Amino acid sequence: MLSAVRADDAFGRLEDDNFIALIPRCPDARQAETIATRLLNELIQLPVLTQHAAIALAASVGGVFLPQDQ
């Protein structure tokens, strides 16, 4: 996942299957969409292999621009 964000971005796990990416100095929604697409592609690129099955992952992304969304 870290390969999908820039060096000055922050990415971490909040709990269980909830993650957050903090993207400072994101100029516009188009750049945010590009980063979100890279994150999604990283998640769904390969299945998770277990002893008995290959599990395909699904994910969704939401975004907020601050202070514009306050």
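So here's what we get for this one:
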quantity: Unmet criterion (only one of (1) modelled with pLDDT of 85 or more; (2) open to solvent by 90 Å² or more (accessible area, probe 1.4 Å)) for Ala53; calculated: (2)
quantity: Members of the range 1-32 found to be touching a Lys or Arg at 6+ places or on another chain (Cβ under 8 Å) and charged (D, E, K, R), listed by number; calculated: Asp8
quantity: Residues located in the range 20-50, provided they are under 12 Å from the mean Cα position of the chain (by Cα) and open to solvent by less than 80 Å² (accessible area, probe 1.4 Å); calculated: Ile20, Ala21, Ile23, Ala32, Thr34, Ile35, Ala36, Thr37, Leu39, Leu40, Glu42, Leu43
quantity: Some residue of the range 24-47 being assigned to a strand (DSSP E or B) and of a type in the set (A, V, I, L, M); calculated: no
quantity: Count - residues of the range 7-23 that are assigned to a loop (DSSP other than H, G, I, E, B) and within 23 Å of Ile55 (Cβ to Cβ); calculated: 2
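The values are calculated or read from the model by the stated rules, or taken from the named source; none is laboratory data. Just so we're clear, the structure is a prediction, and the values are computed from it rather than from any experiment. Neighbour counts run over all protein chains shown; Cβ positions are idealised from the backbone, glycine included. These area figures cover heavy atoms from the full protein model, side chains too; ligands, DNA and RNA do not enter into them. Shrake-Rupley method; radii C 1.70, N 1.55, O 1.52, S 1.80 Å.
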